[in-house]
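Bear in mind that the values in this text are calculations on the coordinates, not laboratory data. Keep in mind it's a predicted model, so treat the numbers as computed, not measured. Cβ atoms come from the backbone with ideal geometry, glycine included; neighbour counts cover every protein chain shown.
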């Protein structure tokens, strides 16, 4: 089983299509929707965790690409600007998944992309604007 | 045997001074004892890096041809209004000043992405900013309008001034209400879901000299990456509050007014701050040296996070309504562990003052002194202490 966290962007004409239904039924994927935004007549965006066999994952991605759906790794959606971060630690209690972590010996903050679910709680809380979410 | 500042300075000039940080001194004293350490160590360096709204800078701008009298008119730097109630070319910029019409601030809670603090950071970073001004025009200053780009290089003087900074201890902010609140202590989640504190604790300057025995008016300090001075007691300086056995105040007490040449500072240590829903501020890196003149002064510098306690204050009701109620006392070792207990609840903690940066500053100042680049000053007057009337 492989796990991938991706951002799926649907063009306007596909918003009414049950795409995630097909991903589950036809490709046997386990889907965990972390965040969704649908703007009628414009586009739909989903942050999902896809969990399935390597081969099925690949086929599912081909299916999406064939439909004209854009699929990108989540890593590109969240930017941790390390040189702006001062390690003040104000974000630490807010992060639900410990994507923002604190080494309590060095008192230095770090960001782990793979754990981030793009909840966005840290963004307004950061006094130095060190986290940017593109979603 | 007691030492004098002059003796310590002589050692600094000879490259022989023994300098350690306020963190390092804790273990050294534990291992060697007070008496021995007081003789061996000459200076203990402290540091802090946190947001302080009571910050600003004043500038003297080069004149135009024909000349303009900005004093009495209206002037902005990058659309942020500056105070122009001085002479023709002197203006003062406060950290919390914001543009009159920034759409990003109009919708609650407001982003406060750019203001006085950011202008100061931009100037130190060497960026050009847009100066716009209108004046009433006089016989000797006929120009009535100016719109041009300026930078720190093209100014005659640029001086950082903090009416208040380096707070000796601070509150721990929580939110007892059932909605998110936006404060100068950060975004506070409802129902006690986070607790924010703001002090470098055992590294903080005034917590290492709790009775202001060495830090006074005229003390030379690390300020924003350059050199500065303690100019005066800071506003709201209140030395008379309850203290622990080790003389450490249990709530926000002493403060310092600081001054220094902005042209010698670095954007690494002077940073604009955006507090969502509250406003703009400025984070200022400060490092204060403490000369170890005797055993008592040394003992104060060995203060540990667990010896320093702070009051937990509800920022949804008690703080805004001016009620003096504390929900309890916690120490900085608990705050830095990541969780504190309030009532029966375990509450995760976050800081606003960077301990990592405070440590870095104390280290830089230590090296400056060791290398003979920074000598100590004798304060010209004391800060008011607990027994003084002020």
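Annotations for the structure displayed:
- Mean partner shielding of peptide A:123-134, defined as the number of other chain Cβ atoms within 10 Å of each residue Cβ, is 5.
- The shape of the stretch B:245-390 comes out prolate: with a ≥ b ≥ c from the C-alpha gyration tensor, a/c is at least 1.5 and a/b beats b/c.
- Taking the average, over residues, of other Cβ atoms within 10 Å as the packing measure, peptides A:8-14, B:52-58 rank B:52-58, A:8-14 from highest down.
- For the stretch B:326-341 versus the stretch B:261-312, the inter-centroid distance based on Cα atoms is 19 Å.
- Projected label distance in nm at residue A:17 and residue B:24, using a 7 Å step from Cα toward the beta-carbon: 6.5
- Chain B: most fluctuating residue of B:164, B:130, B:30 per GNM, C-alpha cutoff 10 Å: B:30
- Cα gyration tensor category, rounded, prolate or oblate, for the stretch B:146-190 with a/c compared to 1.5: oblate
- Over the stretch A:78-133, relative contact order from alpha-carbon pairs under 8 Å, at least 6 apart, %: 46
- Springs between Cα atoms under 10 Å define the GNM used for chain B, and in it the highest mean-square fluctuation of B:60, B:345, B:105 occurs at B:345.
- Pairs of alpha carbons in the stretch A:78-133 whose separation is greater than 17 Å (percent): 23
- FRET efficiency, residue B:4 to residue B:32 (Cβ-Cβ, R0 22 Å, nearest 0.05): 0.50
- Among B:146, B:340, a tally of other beta-carbon atoms within 10 Å of each Cβ gives an order, fewest to most, of B:146, B:340.
- Share of alpha-carbon pairs per 5 Å distance bin for the stretch A:26-135, given as whole %: 2, 10, 18, 20, 15, 12, 10, 8, 3, 1, 0
- With all pairs of different C-alpha atoms in the average, the Kirkwood value for the hydrodynamic radius of the stretch A:2-76 is 12.3 Å.
- More than 27 Å apart - percent of Cα-Cα pairs taken over the stretch B:65-200: 38
- If you take the Cα centroid of the stretch B:193-240 and the Cα centroid of the stretch A:1-23, the two points sit 55 Å apart.
- For the stretch B:151-174 versus the stretch B:83-134, the gap between their alpha-carbon centres in whole angstrom: 15
- Residues within the reach of a label modelled at residue A:84 (point 7 angstrom out along Cα to beta-carbon, backbone nitrogen below 20 Å), restricted to the stretch B:174-202, are B:183-188.
- Estimated distance in nm for a label pair at residue B:317 and residue B:104, the labels positioned 7 Å out from Cα along Cα-to-Cβ: 3.5
- Short-range pairs are left out: with C-alpha atoms under 8 Å and at least six residues apart, the relative contact order of chain B is 25 percent.
- Computed from the C-alpha gyration tensor, the three semi-axes of the ellipsoid equivalent to chain B are 37, 29, 16 Å, from longest to shortest.
- Helix axis angle, B:355-370 relative to chain B longest principal axis, alpha carbon, degrees: 80
- Extension gain, residue A:115 to residue A:103, is 2.7 nm, computed as 0.36 nm per intervening residue step minus the present C-alpha separation.
- Put simply, when A:32-43, B:322-333, B:193-204 are sorted by average Cβ atoms within 10 angstrom per residue, most first, you get B:193-204, B:322-333, A:32-43.
- Based on C-alpha pairs under 8 angstrom that are at least 6 apart in sequence, chain A has a relative contact order of 25 percent.
- Shielding by partners for peptide B:251-259, expressed as the average number of C-beta atoms from other protein chains within 10 Å of each residue's C-beta, is 0.
- Value at 222 nm in deg cm²/dmol, rounded to 500, when DSSP H runs of n ≥ 4 in chain A each add -39,500 (n - 2.57): -5500 deg cm²/dmol
- For peptide A:94-106, the mean count of partner chain Cβ atoms within 10 Å of a residue's Cβ comes to 2.
- In nm, spacing of pseudo-spin labels at residue B:13 and residue B:375 (7 Å Cα→C-beta vector): 0.4
- Between 0 and 90°, nearest 10: helix A:54-67 axis offset from chain A longest Cα axis: 70
- Where the Cα pairs of the protein assembly as shown fall when distances are cut into 20 Å bins, in %: 20, 46, 27, 7, 0
- Highest-MSF residue in chain B out of B:209, B:42, B:90 [GNM, Cα springs under 10 Å]: B:90
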